[in-house]
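Worksheet for the structure shown next.
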Amino acid sequence: MSERPKLKLELTTFDKTLEILGWTSILAIWVLIITNYTNLPDTIPIHYNGAGQADGFGGKATILTLPLIATLLFVGMTILNKFPHIFNYPTNITQDNALRQYTNATRMIRYLKLIIVAIFGLIAFKTIQNATGQADGLGVWFLPLALGLIFIPLTYYIIKILKTKQ
């Protein structure tokens, strides 16, 4: 790993768009939580089972953990993305393939960041709806949707990385 090339990747317009969407989504989650906080009852759902039904309850201040965790994950992954030479790859990284491999890996991280923020935003939105009596649970569709949003792009990029071994 220490012998891997350390490259400074130039962001494409698409990469910049993903970053802007991610930061905008983080801001939107914070605005959603802050603007609805005073309308929440003292007890809100804080955990959902696999079927999307609330099975844990806590104080309304716990809703602040959703944007906090989303922000920490997003910032952490953003920092990590600046060091693609330290990632694990299913192939040897050489001077010839480093740019392609690093580009694919960092784009995969950008997608995952945006997806994670979207999932946390959806949980926050549905929690507010549940707490105010406008909904009942996340819905049975939530878990398959979240897993699909994470694993479909992850699988796509892993296959893409494997195909560009040279």
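In this structure, the amide hydrogen of Gly58, modeled 1.01 Å from its nitrogen in the peptide plane, lies closer than 5 angstrom to those of Ile44, Ile46, counting only residues at least 5 positions away or on a different chain. The Cα atoms of the chain define a convex hull whose projected area, averaged across directions, is 10.6 nm². Using the 1.4 Å probe convention, the accessible area of the chain works out to 58 Å² per residue with neighbouring protein chains retained.
Among the DSSP helices (H) of the chain, those spanning at least 30 angstrom by Cα along their long axis with an average Kyte-Doolittle hydropathy of -1.0 or more are 13-36, 98-131, 142-163; this is a geometric and hydropathy rule only. Per-residue surface analysis assigns Asp136 an accessible area of about 120 Å², computed on protein heavy atoms at 1.4 Å probe radius. Here the contact order of the chain, divided by its residue count and restricted to Cα pairs under 8 Å and six or more residues apart, works out to 34 percent.
Under 29 Å of direct C-alpha separation, and excluding same-chain neighbours fewer than eight residues apart, Lys163 reaches these lysines: Lys6, Lys8, Lys16, Lys82, Lys113. Per-residue ellipticity at 222 nm computed for the chain from its helices equals -20500 deg cm²/dmol, with DSSP H segments shorter than 4 residues left out and the rest contributing -39,500 (n - 2.57).
Stokes-Einstein D for region 66-130 at 4 °C, 1.567 mPa s, Kirkwood Rh over Cα pairs, in µm²/s?
98 µm²/s
Once Rg and the Kirkwood radius are both taken over the C-alpha atoms of region 99-166, their ratio Rg/Rh works out to 1.18.
Applying 0.36 nm per residue to the separation of Lys6 and Leu27 and subtracting their alpha-carbon distance, the gain on full extension is 4.4 nm.
Efficiency by 1/(1 + (r/R0)^6): what FRET value for Leu147 and Asp96, r their Cβ-Cβ distance, R0 = 25 Å, to the nearest 0.05?
Numbers: r = 35 Å, r/R0 = 1.42.
Using R0 = 25 Å, I get an efficiency of 0.10.
Restriction of the trypsin sites (Lys or Arg not before Pro) in region 1-86 to DSSP coil positions whose beta-carbon has at most 12 other beta-carbons within 10 angstrom yields Lys6, Lys8, Lys82.
What the Cβ-Cβ distance of Tyr37 and Lys160 gives, at R0 = 41 Å and to the nearest 0.05, is a FRET efficiency of 0.50.
The values are calculated or read from the model by the stated rules, or taken from the named source; none is laboratory data. A quick note: this is a predicted structure, and the numbers were derived from the prediction, not measured. Positions of Cβ are backbone-derived with ideal geometry, glycine not excepted, and every protein chain shown enters the neighbour counts. Heads up: the accessible areas ignore ligands, DNA and RNA and are worked out on the full protein's heavy atoms, side chains in. Shrake-Rupley method; radii C 1.70, N 1.55, O 1.52, S 1.80 Å.
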